[in-house]
Each structure stands twice: as C-alpha cells, then as structure tokens.
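To start, the structure under review is shown below, and the notes come after it.
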Amino acid sequence: MNTGVAALIMLLIFIGLIILEVPIGFALGISGILGLFFMKESLLMFPQNLIAGINNFALLAIPFFILLGSLAEKSLLAETLIDLAEEIIGFVPGGMAAVTVFASMLFATASGSGPATVAAIGSITIPEMEKRGYSSKFAIGTAASAGALGPIIPPSIPLIIYGVVANQSITKLFLAGLGAGLLFAFILIVYCIIRAKVDKVPVTGKRPSFKKVARAMWKAKLALGIPLIVLGGIYSGIFTPTESGAIGCLYVILVGFVIRTLSPKDLYDAILSASKASAMIMFVIAAAALFAWLMAVGRVPQIAAKAILTFSHNKVVYLIFVNILFLIIGSVLDTPAAIVIMVPILAPIAYRFGIDPIHFGAVVVVNFVIGYITAPFGYNLFVAQSITGKSMEEVTAAVTPFLLICILGLLIITYVPQITLFFPHLIGR
C-alpha cells in the first residue's frame, strides 16, 4: 500500500476512534499500530517511538510544573493574590471582574494551568462578584476565560511541549507567552470595564494608596516568591525550566508547612493528582510521537506543504488557515497530542513563509488554549461547572462573549508579531 494512502487511512481511523470517544492516548496508539501494519513497518518501531517521544530532559519540567500548580492551589496562596489585585485595580468599573483577571494572571505565574487557575481564583471571586451585583453569567464567564491565562503566562506546559517538538528555546517561548498573556489580560480587563458600565454594576472598590498596596504586597510576598524564584531563575539563566519547576515545588512545600496552609494530606493529594495528570500527558505525548513519525513516513508534511503552497503563497492567508484549523482542533483534541501531531506538519511551512518559530509557537499555543473555554471539551468549562453547579449549557453561554474577545486577542497576536517577540528579542540582545 502507498505510504501516503496508508497515512490517510490511519488518520481516518484515529478520527473515527475520537468520534467513538476512545481516550485520546489509546486512539493514537491503536491507529499508530494499525499504521505500522499498513505501511509494512516493523512492530519494533512501536516501543522505540514511544520511548523516543518522551526521552527528552525538557519534558521533565511537565510533572514539576503540574505539581507546582496543584501545591499552589492547595496552599491557599491565591487569597493573598486576590487581595493584592483588589488593592491595585479594584477601584475601576467592574473592579471585581478586573481583579479576577489580574489575580488569575498572577496565579498563572505559579500554576501554569488553566483548570487550576479557574479553581483557585474562580472559587473565591465568582461568589464575591455575585454578592456585589454582577450577574451570574458575567461572573462565570470572567473566571473561566481568565483561567485561560494559565497555560499562556509562563510557566506553560503547552509551550514546553512545542519547544521540544519544534526544537526551540523554551526560555524564549516563555517570554513570548509573557507578551501574549499580558495582551490577553489587558483586553479582558478592558472588556470587563465596558461590560460593567453597560450592565450598571456598582463600583465598590476604592482608589489605591501606596500604603495599602504596599501592605497587600507584603501580605502576598510568599505567593509572589513563586514567580520570582521560578521565572527569575529561568530568565537569569541560573536554572533550566526543569530545575526551576523542582525548586518551585520545594519552595511552596516549605512555605506551606511553615505557615500551616499545607498539610501532609494536602501534599499527598497534590502528588497523587500531579502523578496521574503527568502520566496521562506523557502517555499522550508518547503515543502522539509514534503517530507523528508515521505521518512523516507517509510524507504527510510534504504533501500538506505542497497543497497549501499551491493554494496560496500569501503568509496572511496561511495564518488564517492555521488559526481556523487549530481553533477547531483545539476544541476537540487534547492539547499535548494536537501539538505533537500538527506542529511537525505545519511549522516547516510557516518557516518557509518567513514566520518566526517563536512567534509561531505563541500562535499555536494561544489557539489551543482558547480550546480550554470552547465547548464541548473545554477544561475550564468543566471546572467552572463544578464550582457553580450550573449546567454546561449555562456555562457555555456565559463564556461565549469572552471567547469572542479571546479570538480578537488571537488575531492581534497573529498579525502583530512584535507583541510576542518583544521580550525574546529584548533578552537576546
């Protein structure tokens, strides 16, 4: 059988398994094994590719950052970040909504996780917003969409995976994510202010004073220590991302035990939860590596490149195509698998168009992160549903206006590459 035809059949089998709701890792593995048969490759390529797919030191950062996010959530450090955010920005119209976004951005620097950010910040701010006169839809939409900052603001697990797959600097990708995250936080806050004025939500916060902000910063010093150690260590070159994740975990454990917000049971639960999540992600990456290798054997990247370049030689058109494709894939496919499968196919074409690989990485990850708030499989939607007890239909309706704002942010990031490249170029000089 022609390898290209075999790769297409393998892809169709994979899509069929996803439609049948087979877990993503097993769907990749089953279709990969069948692909080996179709292409008449040795079955020894199955274990070899599984091992090769995760045999990378940089991937060790993933379990550490997952554990860091879980520990940060359980150690109750989120409350001090919310208090700090309220002192800084709580005085504007829609102040508590803006506080939710700002606090989510701060917490994201410790967790790197969308669901963890929604759980830690949203569980506190959603009830508080409702008490202050915000509609339930506004409160839920704000918290769920602000949680999407988790995987954009570094440390970001999707950016680590992209860096490994595309062989790019994870430090530079983190800096690109910082620019993208700041833009997203800004446009979400602006939308919250406008929406609050339209809804005539009462302004409850007071203008900040240096004394109050300084007091709130001192109160939040332990929480602010996490990004200072983790990101400061990475950007200064003292630590690798993997080492910074491990040191960050140690810091939160020590702080949590000293101030008695973290119990041995909490530590056990965090390690257990992080172990399960890490195992799932690593299994998906390993199975996706086999799938991606077979796609390469079937010359799918070359076929795709030829088809796309035949259709258009315009970089703008290509980026529109990428955004549409990734938004669709991100709403139905697990992010690690999507990155491992799609990046080897589409990244080389982007480079041929002269698109910077760091900028392209930010575009890819932002697309998939928007999937966190896109029905039917958005992680943040499920967390928001569990926090509020609302139906999935209600949560989806609440998030929809914020989803459109996030897509606007995606378009800005896509066509203004200076936003994501400013910090990487700054540190690279």
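The values are calculated or read from the model by the stated rules, or taken from the named source; none is laboratory data. The model shown is predicted, which means the values in this text are computed figures rather than measured ones. As a convention, Cβ positions derive from the backbone with ideal geometry for all residues, glycine included, and neighbour counts pool all protein chains shown.
Looking at R207, is it under 20 Å from E86 (Cβ atoms), modelled with pLDDT under 85 and either in a helix (DSSP H, G or I) or not acidic (D, E) (or both)? Yes, satisfied.
Which of the residues that make up segment 6-23 are modelled with pLDDT under 80 and either under 18 Å from P47 (Cα atoms) or loosely packed, with under 14 Cβ neighbours inside 10 Å (or both)? E21 - this is the single residue of segment 6-23 that is modelled with pLDDT under 80 and either under 18 Å from P47 (Cα atoms) or loosely packed, with under 14 Cβ neighbours inside 10 Å (or both). Against the criterion of being at pLDDT 85 or above and surrounded by fewer than 18 Cβ atoms within 10 Å (Cβ to Cβ), K315 qualifies.
Where residues in segment 402-420 are free of Cβ contacts under 8 Å to residues at least 40 places away in the same chain and either under 21 Å from K172 (Cα atoms) or charged (D, E, K, R) (or both), which of them is surrounded by the most Cβ atoms within 10 Å (Cβ to Cβ)? Filtering segment 402-420 for residues that are free of Cβ contacts under 8 Å to residues at least 40 places away in the same chain and either under 21 Å from K172 (Cα atoms) or charged (D, E, K, R) (or both), the one surrounded by the most Cβ atoms within 10 Å (Cβ to Cβ) comes out as V416. Candidates are the residues of segment 80-125 that are among the hydroxyl-bearing types (S, T, Y) and touching a Phe, Trp or Tyr at 6+ places or on another chain (Cβ under 9 Å); the one that is surrounded by the fewest Cβ atoms within 10 Å (Cβ to Cβ) is S113. Here P241 fulfils each of the conditions (1) surrounded by fewer than 19 Cβ atoms within 10 Å (Cβ to Cβ); (2) touching a helix residue (DSSP H, G or I) at 6+ places or on another chain (Cβ under 8 Å) apart from (1). Here the condition is being in contact (Cβ under 8 Å) with a residue 24 or more places away in the chain, aliphatic (A, V, I, L, M) and either touching a Pro at 6+ places or on another chain (Cβ under 6 Å) or not in a helix (DSSP H, G or I) (or both); of V369, V316, V399, it holds for V369 alone.
If you take the residues of segment 24-46 that are of a type in the set (G, A, S) and over 29 Å from the mean Cα position of the chain (by Cα), which of them is surrounded by the fewest Cβ atoms within 10 Å (Cβ to Cβ)? Only one residue fits best here, namely S42. Screening segment 197-240 for residues that are among the hydroxyl-bearing types (S, T, Y) and within 19 Å of G90 (Cβ to Cβ) and picking the one that is nearest to the chain's Cα centre (by Cα) gives T204. Counting only residues that are surrounded by fewer than 22 Cβ atoms within 10 Å (Cβ to Cβ) and in a helix (DSSP H, G or I), segment 380-395 holds 8 of them. Residue count for segment 42-101 satisfying the condition of being among the basic types (K, R) and modelled with pLDDT of 80 or more: 0. Only one entry in V101, V92 is within 30 Å of I194 (Cα to Cα), touching a Leu at 6+ places or on another chain (Cβ under 7 Å) and in contact (Cβ under 8 Å) with a residue 40 or more places away in the chain, namely V101. If only residues of segment 324-368 that are of a type in the set (D, E, K, R) and over 19 Å from the mean Cα position of the chain (by Cα) are counted, the one that is surrounded by the most Cβ atoms within 10 Å (Cβ to Cβ) is D356.
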